[in-house]
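Bear in mind that the values in this text are calculations on the coordinates, not laboratory data. These figures come from a predicted structure and were not determined experimentally. Here Cβ is always computed from backbone atoms with ideal geometry, including for glycine, and neighbour counts include all displayed protein chains.
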Amino acid sequence: MVSFKELGLVNTREMFKKAITGGYAIPAFNFNNMEQMQAIIKACAETKSPVILQVSSGARKYANQTLLRYMAQGAVEYAKELGWEHPQIALHLDHGNSFELCKSCVDYGFSSVMIDGSALPYEENIELTKKVVEYAHQYDVTVEAELGVLAGVEDEVQAEESHYTKPEEVIDFATRTGCDSLAISIGTSHGAYKFTPEQCTVDPETGRLVPPPLAFDILDAIMEKLPGFPIVLHGSSSVPQEYVDIINANGGKMPNAVGIPEDQLRKAAKSAVCKINIDSDSRLAFTAAVRKVLAEKPGEFDPRKYCGPARDEMERLYKHKIIEVLGSDGKAE
Ligand code: G3H
Ligand code: 13P
Ligand code: ZN
């Protein structure tokens, strides 16, 4: 048993409390490799932003859970080396799908876990979530639950259709499970294709797809039922069109890739939404940079020569999110 406290990590309780009263959101960035981790920590150390490092099931398979946990431990030391005196870094299991997995993360030094029972019948979701909460809270590990199902398909995380969260269920769910935060469904989805062209309108000036707005009426109703309760938004990548253009101009093929407009996320960040999950945008930044280098220098074969620019691009992206979208800069001095 390793406590996250021994590793210099923090849970999400204080982070969320401050974010709600301060009207900003904590970035929850997924990581799978060293370059992503370096970019996240550099961006957060420079902006003094609290951060949640997320490990998905795909990441565990790709990079190994043990290695990722040691990387998170290393991240705390790296942050200090960069001059961030009191780093506020949480290590979080993204979309945990069983009690056993959540338990193994708690036992192994994660400071926060998500139990995603959103695809289960309501009572089963409650039962599973409650079991995880009872275990995790013994070790002061915070628990995120999910109610409502996100649309879209992303590797292991899939749902056939979108079921928005029902505001009339949230009080019962939060009370009976004791969860610390709640991921809701209000129109976001995982991946780089969040809406079909049919669901969008077209901007007459740019010819770009304009997605429909998120269901803020549902968010408002949830906040009314659970005042001050931490809300989480998954599937919150914006799919920057400049990256999609670079990818498509350099041998890629990503037609009609579209995400959540930044103004929608800015609005959400000012509300009780205090954790915003971003993964796909970092994948796009990385891929765009790699494709560009390899297209311009076909003879290049040193991975550092294309992973380096990819890392720089991700760092720019993370800083942009922190400063221009979530408003979490300067909140972890
Ligand atoms: O929630 C989904 C995340 O983007 C992680 O996806 O399992 O492919 O790493 P992944
Ligand atoms: P995106 O695919 O929009 O980046 O969402 C990531 C996410 O929700 C991870 O849990
Ligand atoms: Zn997610």
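Enumerate the amide H contacts of residue 48 below 5 Å, restricted to partners 5 or more residues apart or on another chain; note that Pro and chain-start residues carry no placed amide H.
330
Give me a comma-separated list of calculated 3J(HN,Hα) values for segment 255-266, in order, Karplus coefficients 6.51, -1.76, 1.60 applied at θ = phi - 60°, integers in Hz, x for any Gly or Pro.
Values per residue, Gly and Pro as x: x, 6, 5, 8, x, 8, x, 4, 5, 5, 6, 4 Hz.
Could you work out [θ]222 nm for the chain from helices alone, using -39500 (n - 2.57) per DSSP H run of at least four and dividing by all its residues? Round to the nearest 500 deg cm²/dmol.
Values: 12 runs with 143 residues, N = 333.
When only DSSP H runs of four or more count, the value is -13500 deg cm²/dmol.
So for 114, 314, fewest C-beta neighbours within 10 Å to most, what's the order?
Working: 114 30, 314 26.
The fewest-first ordering by Cβ neighbours comes to 314, 114.
If you add up the charges near residue 218, with Lys and Arg at +1 and Asp and Glu at -1, over every other residue whose beta carbon is less than 13 angstrom from its beta carbon, what do you get? Write down the numbers at each step before the final one.
Values: positive: 166, 225; negative: 168, 169, 217, 220, 224.
Around residue 218, the charge tally is -3.
Where does each of 35, 77 land when they are ranked from fewest to most other beta-carbon atoms within 10 angstrom?
Numbers: 35 20, 77 13.
Ranked by crowding around the Cβ, least crowded first: 77, 35.
Count the net charge of all other residues whose Cβ sits under 11 Å from the Cβ of residue 89, scoring Lys and Arg as +1 and Asp and Glu as -1.
Details: positive: 80; negative: 77.
Net charge in that neighbourhood comes out at 0.
Report, in whole Å, the centroid distance computed from the Cα atoms of segment 212-286 and segment 57-113.
Between the Cα centres of segment 212-286 and segment 57-113 lies a distance of 23 Å.
For residue 258, list long-range residues whose amide hydrogen, built 1.01 Å from N in the peptide plane, is under 5 Å from its own amide hydrogen.
The answer is 193, 194, 195.
Please report the antiparallel percentage of DSSP beta bridges with both residues in the chain, rounded to the nearest 5. Don't jump to the answer; show the numbers that get you there.
Numbers: 5 of 35 bridges.
Roughly 15 percent of the DSSP beta bridges within the chain come out antiparallel.
By count of other Cβ within 10 Å, fewest leading, how are 301, 29 ordered?
Details: 301 9, 29 26.
Result, fewest neighbours first: 301, 29.
Of the candidates 316, 208, 13, which one comes out as most mobile in a Gaussian network treatment of the chain with C-alpha springs shorter than 10 Å?
Top of the fluctuation ranking is 208.
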